[in-house]
Amino acid sequence: MPPAPPAEPEIRKEVPDGQPMDLAVEDVTGTSLTLNWNPPKYIGLAGLAGYIVEYRKESTDTWVAANRSVTTKTVLVIKNLTEGDTVQARVKAVHGDGGIGIAVLPEPVRIKKPVDTPKIRLPRNLRGTFIRKVGQTLNLSIPVQGNPKPSITWMKDEQPVDTARVNIRNSPGDTILFIRKVERKDSGKYKLAAQIDTLVDEVVIDIQIVEKPGPPRNLKMLDVWGINVSLEWEPPKDNGNAEISGYTIQKADKKTGEWFTVLEKLHACCYTVSDLVMGNHYSFRVFSENLCGLSETAVQCKDTAYIPKTSITYNPPVYQEKDFNEPPKFTQPPADKTATVGFTTKLYCSVRGNPKPKISWLKNQMLLGQDPKFRSLTNEGICTLEIRKPCAFDGGVYTCIAVNALGEAAADCRLDVKAVPVSQ
């Protein structure tokens, strides 16, 4: 039951400029209506007692009070309304002297749930061209918002989608477009529209269905010179609904028949194959390529290229024979050295010469014979004289003499032999 209207003063008189100002609808739901207003322009000396809010349905002339007692607030919610009804509302300003001022809404209000603008949340991967390969599944799930639930429509190239090929499923939160196996003809611009009453949101999704391209056309051999062959061809008749990203050139030697790749991802429609082997016959073929890969077949040149052998007489250069013979020469003479009595020591020097020189050692200008105390070694030009357990008498000037057929060389060094001091 609606609340009973508050008791009104017996004296009722209209107060000029005493009605509430700027009466407006603040909110409408499926069961309520919220009004707000401003105080009257004129308030007498007796002041303002408050406001009474009343409403009536369009089908009746009876006004019903929305508040049980006079309120001093300038906003009020009329509750317990029925969705679908059309309601007229008014606000009475009750003055202290019993006068009233009435403000009426200029238009009736339809009680209904608030409308949320429809909004399509297009995923990032669908904002550009969406590419799928022939035979793949197309499954687009696109979130859609709005209250009440928007009506969804799909169009392809400004025509309704073919429901025999395209499955559309709508749920409260999204819409799904599904094609089990896509074909080239499924390419196009798909328009998705979400509508609530007169509010509409639309997006366009560009879908491109691609496959491998056909082979290039009219491969020709323009010229053969030296070890080079110039080729030229035309783009494929069918690019697979995708841009041609390049061409792959292959060659095959007639002897083996095996194909080898010369170049990949060439953008031009001509190329010169170089570094071919003289005396061989070559065949050539070219594949086209897009984002799906190489074409299933290639275009092959009808002609073969023969790389002729060239007759060249080789005249080897004449070099003057170098004489490597040289007399002996010390590259590192023996160095002076101090040895300790009883401790074996060695003298070193290095000599070169061709023919290999004969090495002899002298001590104080006396040739060292077969004395086992001294051992002479020569290895790769390094001459060594080992003196086993020398004594004080083994000190002196040692001379190394190198002799071959072209000459003689000598080098001296001094050896001092000292006794080990004896501690007292």
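The values are calculated or read from the model by the stated rules, or taken from the named source; none is laboratory data. Every value quoted in this text rests on a predicted model; they were computed, and no experiment measured them. When we count neighbours, we look across all protein chains shown, and the Cβ atoms used for this are built from the backbone with ideal geometry, even at glycine. Just the protein is used for accessible areas: all its heavy atoms, side chains included, with ligands, DNA and RNA removed. Shrake-Rupley method; radii C 1.70, N 1.55, O 1.52, S 1.80 Å.
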Quick one: Karplus J couplings for the stretch 37-50, per residue in order, coefficients 6.51, -1.76, 1.60, θ = phi - 60°, nearest Hz, x for Gly and Pro?
-> 7, 10, x, x, 5, 10, 10, x, 5, 6, x, 10, 6, x
Rounded percent of accessible protein surface that carbon and sulfur make up, the chain, 1.4 Å probe = 50
Candidates Asp412, Asp17, Asp97: whichever shows maximal mean-square fluctuation once the chain is modelled as a Gaussian network with Cα springs under 10 Å | Asp412
Read through the labelled values [x] 65.1; [y] 23.5; [z] 27.9 and report the label of the one computed as mean projected area of the Cα convex hull in nm² from the structure.
-> [x]
Give the accessible area for Thr137 in Å² (nearest 10); use a 1.4 Å probe, count only protein heavy atoms, and leave out ligands, DNA and RNA.
-> 60
Using 0.36 nm per residue, how much length does the chain from Lys309 to Val75 gain when fully extended, once their Cα-Cα distance is taken away?
-> 73.7 nm
Relative contact order (percent, whole number), the chain, Cα cutoff 8 Å, 6+ residue spacing | 9
Top positive-direction residue, dipole computed over the chain with Cβ charges, set Ala268, Gln332, Ala419 | Ala419
What full-extension length gain, to one decimal in nm, is calculated for Thr344 and Gln320 as 0.36 nm per residue of separation minus the Cα-Cα distance?
-> 3.7 nm
Which far-off residues, 5 or more places away or on another chain, put their amide H under 5 Å from the one on Gln332, with H placed in the peptide plane?
-> Ser350
When the Cα centres of the stretch 305-340 and the stretch 66-101 are compared, how far apart do they sit, in Å?
-> 120
Surface per residue (accessible, 1.4 Å probe) for the chain, Å² | 61
Could you work out the relative contact order of the stretch 247-313, using alpha carbon pairs under 8 angstrom and six or more residues apart, expressed as a whole percent?
-> 33
C-alpha center-to-center spacing [the stretch 241-278, the stretch 34-65] in angstrom = 90
Work from the charge dipole of the chain (Cβ charges, +1 for Lys and Arg, -1 for Asp and Glu, about the Cα centre) and give the residue of Gly407, Pro148, Val351 farthest towards its positive end.
-> Gly407
tail above 16 Å in the computed P(r) of the stretch 169-215, as % of all Cα-Cα pairs, reads 56
Summing +1 for each Lys or Arg and -1 for each Asp or Glu, what net charge is found among the other residues whose Cβ lies under 10 Å from the Cβ of Val144?
-> +1
Max mean-square fluctuation residue, GNM over the chain, Cα-Cα springs under 10 Å, options Pro308, Pro108, Pro316 | Pro316
With θ set to phi - 60°, apply the Karplus curve 6.51 cos²θ - 1.76 cosθ + 1.60 along the stretch 356-371 and write out the HN-Hα couplings as whole Hz, x wherever there is a Gly or Pro.
-> 4, x, 8, 10, 9, 10, 10, 10, 6, 6, 10, 5, 7, x, 9, 4
Determine by what factor the alpha-carbon radius of gyration of the stretch 163-278 differs from 2.2 N^0.38 Å, reporting the quotient.
-> 1.81
